[in-house]
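The values are calculated or read from the model by the stated rules, or taken from the named source; none is laboratory data. All figures in this text were calculated on a predicted structure; none of them were measured in a lab. A quick note on method: Cβ atoms are made from the backbone with ideal geometry, for glycine too, and the neighbour counts reach across all protein chains shown. Just so you know, the surface numbers come from the protein's heavy atoms only, side chains and all, with ligands and any DNA or RNA stripped out. Shrake-Rupley method; radii C 1.70, N 1.55, O 1.52, S 1.80 Å.
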Amino acid sequence: MSVTRRELITGAAAGATGLVVGGVLGKTLGGDDGGGGGGDSGLSGQAEAVAKARDLNSENVTRAVKTFVPPGAKPGDKNADEFFLFSSGGHSGQILVIGVPSMRLLKVIGVFAPEPWQGHGYGADSSDSVIKAGTDSKNKPSSAARGPLTWGDTHHPALSETKGEYDGRFVYINDRANGRIAMVDLRDFKTKQILDVPNLDSSHGGVFCTPNTEYVHISTMSPTLVDPSKAEKALETFKDSFRGYSTFLKVDQKTGKMDLAQSFQVELPPYTQDLADSGKLSSEGWVFINSYNSEMASGGNLTGGKPIEVGASANDFDYMHIINWKKAETVVGSKSKVMNGMRVIPLETAVAEGILYLAPEPKSPHGVDVHPGGNYISVGGKLDPHVTIYGFDKIKAAIDGKQFEKNDPFGVPILKLDAVRAGSVEVGLGPLHTQYDDKGYGYISLFLDSAVAKFSVGEPYFKGADAFKLVDKLPVHYNIGHLVAMEGDTVKPAGKYLVALNKWSIDRFPVVGTLKPQNFQLVDLTGEKMEILTDMPIGIGEPHYVQGIRADRIKAWEVYPVGTNPLTMEKDPNAIADKGEKIQRTGSTVEIWSTVRRSQFKPDNISVKQGDKVIIHLTNIETTPDATHGFSIPRYNVNVSLDPGEAATVEFTADAKGAFAFYCTEFCSALHLEMQGWLLVS
Ligand code: K7E
Ligand code: CUA
C-alpha cells in the first residue's frame with residue numbers, strides 16, 4: 001500500500017515528474033475513493049502553494065505526511081505517535097523519551113544527574129535519597145577515592161520484558177562512567193533506585209533484561225582491580241590483579257527494584273567485556289557478552305610501551321563469552337564467595353560447572369545481538385567488514401561435543417569458530433550493532449561507512465543461498481553508532497521504523513557554536529529500500545543506545561492518588577488532607593505539614609530560629625492532571641516539583657538568617673505569582 005502511495009506521490013506510476021503535491025494530499029485526505037487526485041481541491045491546492053513557496057519537493061512532502069502528528073492527535077489515533085523511544089542521554093546522565101514517527105522530545109527523565117524542573121536532587125527526600133544511595137562506596141574495592149556522584153554517562157537502556165516482549169513496566173539504564181545502574185518506574189517515569197554495583201568500577205554495553213525480567217544484567221567494561229592496595233604494580237601483573245564480572249541483579253517484580261541479596265556475579269577473565277545480549281526462546285537461559293582486548297594491553301605509551309589501542313588490536317580474534325545463567329543460578333547458593341556484599345561465582349567454578357565458554361570473534365568485536373527467534377547471534381567487528389552470525393544450535397552442539405580449539409590462559413574452553421559460525425555477510429566498514437525487524441532482516445550500523453546495511457538472517461525466513469545476504473544499504477549522516485528498530489530487541493519486533501543514532505552532524509543543522517548536536521535519523525522500513533524520513537538534532541549529551549516500544553504498552557499515571565510518595569509509590573505517612581495543616585516544634589526541630597494547591601501554600605508563614613532543623617512535609621492535594629506546583633526556597637538550594645497528588649518532604653538546617661520568600665515555581669494559575677510565602681529565620 002505504501003508503495004502505491006509512494007508511486008502516486010512521486011508520480012512514478014504515471015510516469016510524471018516534478019511536483020504532484022496536490023495529488024498526494026488529495027489522495028491522502030480524500031479517503032479511499034481516490035477523489036481529489038488532481039490536486040485542484042481547496043485543501044490540496046493550498047498545500048501545493050505552501051510546498052512551492054517553501055521549496056519542498058514531492059519527496060519532502062511525502063516525508064512530512066509520514067511523520068506529521070496533527071495538533072491534538074490522541075494516543076491510539078492512526079495519526080498519533082505509535083512508538084516511544086527510551087534514549088540514553090549520554091553525559092547528561094538522563095533518559096530522553098521521544099515519540100515516533102514525530103521525533104518530538106516528550107520528556108527528559110532525571111536519573112544520575114540532578115534535574116531542576118522535576119526537583120530531582122534539589123531537596124526532596126525522595127530523589128535526594130535515590131541519588132545519595134547511588135554512591136555506595138562500601139560496595140567498591142576502591143572505596144576511599146569516592147565522593148557523592150552527581151553525574152552519569154547513561155549508555156544502555158533496558159526495558160523490562162515478559163515472555164521476551166516489552167511490558168512497559170520499568171526501564172533500567174547504566175552509568176558508563178561509574179559502574180552503576182538505575183531503575184525508572186514507567187508508572188510515573190521517575191527514577192526509583194540507583195544501585196552502585198559491587199565490584200564494578202565501570203560498565204558499558206552489558207545491560208539487558210532476561211526474557212521475564214528475572215534479572216537485569218550489567219557487566220564490567222574495564223576490568224576491576226580486585227585488591228586496591230596493589231595499585232602500584234597493578235598494570236605489570238594485569239592478568240592476576242584484574243577481573244571482569246557478569247552481574248545478574250534480581251528484580252523485585254512488584255517494585256522493579258534490584259535486590260543485592262538475591263543477585264550474583266560470574267567472575268570473568270580481565271578482558272574488556274563490552275556489549276551483551278540475552279538469549280531468548282531457543283537460547284533462553286544463556287547470555288552472550290563480547291569482549292575486546294583479550295591481549296590485556298594496558299598501555300605505557302610515554303615510557304616505551306605499546307599504546308593501548310595498538311596493544312588491544314593485535315590479535316585476530318577476541319572472545320564472545322557464553323554464559324549459562326540458569327546453571328549459574330543453581331550453583332550460586334553453594335559455590336560462591338561474597339565480595340563487597342555480592343555473591344560471586346569464581347572463574348574456576350564457572351569453568352568447572354560448565355557455566356562459561358568462549359567463542360572466537362574476528363577483529364575488535366563490538367555489538368552482539370540475538371535474533372528474535374533466539375538461534376542467531378550477530379556480531380559486528382569494528383575492524384572487519386563482515387558481520388559474523390553464530391548459531392546457538394551449533395554452540396550447544398559444540399559444547400556437548402567438546403569441540404574446543406584450546407583453553408584461554410584462565411582455563412576457559414574456546415569453542416572452534418567453524419563449529420559455531422552459522423554464516424557471515426560482508427556488509428561494509430565498521431559494523432557495530434544489529435537490530436531486527438518483523439520480516440527476518442537484520443540492520444547493522446556501519447560506523448566507518450556512515451551507513452545502515454540490511455541483510456537477511458537465515459531461517460525461518462531465508463534458506464540456502466539467500467540465508468545470509470546483503471540486500472540494501474542506506475547512507476546516514478554521519479558516523480552512526482547504535483541504531484534501533486521498533487521493539488527490535490524482542491521476540492516480536494514491530495518493524496516499520498528504524499532510528500539511526502549518528503554521532504556527527506556536520507552540515508545537517510544550523511551552526512550553534514562549536515559543539516554540534518547528535519543526529520537521530522528516522523528511517524522508513526516499509527518499502528523495498530530503506531528511506532530517511534527526518535533528522536532530529538539532539539542537543540543534550542551523546543546518546544548511545546535506545547530502545548523503541550509500542551506506545552500502547554505504556555500505562556502511565558496522569559495523577560498520583562493524593563498523598564503518594566514517588567519513592568514508595570504508596571501513601572506517604574506524612575501526607576495530609578485539606579485542614580490537616582500544622583506546625584510543631586520539638587526542641588530545636590520544627591516540623592511543618594503543608595498543603596499545596598492553586599494558589600497557596602498553607603501555612604504561608606513559617607518562623608524558625610537560626611540553627612533549627614526544619615522539616616517541611618508538602619502534599620499537593622490537587623487531582624487535576626497537570627496541576628503541578630513547585631516549592632523553592634531562595635538561597636537554600638531547594639526546588640521541589642509537586643505533581644498532582646504528590647507528597648514530598650524537604651529537610652534542612654536553617655543556618656542563614658533572614659526573610660526568605662519561598663514560591664511556587666510552576667505557572668499554575670492566574671494567581672501563580674501570588675502563590676508564595678515567607679520563611680523567617682531569626
Ligand atoms: Cu556501540 Cu556505548 Cu553501545 Cu555507543 S556503544 S556506539
Ligand atoms: Cu502553584 Cu504556581
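Some observations on this one:
- Euclidean distance of C-alpha centroids, segment 651-670 and segment 452-520, integer Å: 48 Å
- For segment 535-682, share of DSSP beta bridges that run antiparallel, in % to the nearest 5: 70 percent
- Amide H partners (placed H, <5 Å) of residue 642, local residues excluded: 629, 630, 631
- Estimated 222 nm signal from helices in the chain, with DSSP H stretches of n ≥ 4 weighted -39500 (n - 2.57), rounded to 500: -3500 deg cm²/dmol
- Segment 564-681 - accessible surface per residue (Å², probe 1.4 Å): 47 Å²
- FRET efficiency for the pair residue 80 and residue 529, taken as 1/(1 + (r/R0)^6) with r the Cβ-Cβ distance and R0 = 35 Å, rounds to 0.85.
- Under 12 Å, Cβ to Cβ, from residue 367 - net charge with Lys/Arg +1 and Asp/Glu -1: -4
- 3J(HN,Hα) from dihedral phi, segment 278-286, Karplus parametrisation 6.51/-1.76/1.60, rounded to Hz, x for glycine, proline: 8, x, 8, 6, 5, 10, 4, x, 10
- Vicinal HN-Hα couplings computed from phi for segment 356-370 (Karplus, 6.51 cos²θ - 1.76 cosθ + 1.60; Hz; Gly/Pro x): 10, 9, 10, 10, x, 10, x, 6, 6, x, 10, x, 9, 9, 8
- Cα centroid of segment 118-135 to Cα centroid of segment 371-388, whole Å: 40 Å
- Residue-wise HN-Hα coupling along segment 464-476, computed from phi with Karplus coefficients 6.51, -1.76, 1.60 (Hz; x: Gly, Pro): x, 5, 8, 4, 10, 9, 6, 10, 6, 8, 10, x, 10
- Scoring 310-322, 582-594 by mean Cβ neighbours within 10 Å over their residues and listing the highest first yields 310-322, 582-594.
- Restricting the GluC sites (Glu not before Pro) of segment 526-566 to loop positions (DSSP other than H, G, I, E, B) with no more than 13 neighbouring Cβ atoms within 10 Å leaves 528, 558.
- With all pairs of different C-alpha atoms in the average, the Kirkwood value for the hydrodynamic radius of segment 564-681 is 14.2 Å.
- Of the solvent-accessible surface of segment 518-586, computed with a 1.4 Å probe over protein heavy atoms with every protein chain present, carbon and sulfur atoms account for 52 percent.
- Oblate is the label for the chain, because a/c, from the alpha-carbon gyration tensor with a ≥ b ≥ c as root eigenvalues, is 1.5 or above and a/b does not exceed b/c.
- Neighbours of residue 320, meaning other residues whose beta-carbon lies under 15 angstrom from its beta-carbon, give a summed charge of -4 when Lys and Arg score +1 and Asp and Glu score -1.
- Three-way shape call for segment 150-201 based on the alpha-carbon gyration tensor, with the a/c threshold at 1.5: prolate
- Distant-in-sequence amide H partners of residue 107 (H built 1.01 Å from N, under 5 Å): 97
- The alpha carbon gyration tensor of segment 390-455 gives principal lengths a ≥ b ≥ c with a/c of 1.5 or higher and a/b greater than b/c, which makes the shape prolate.
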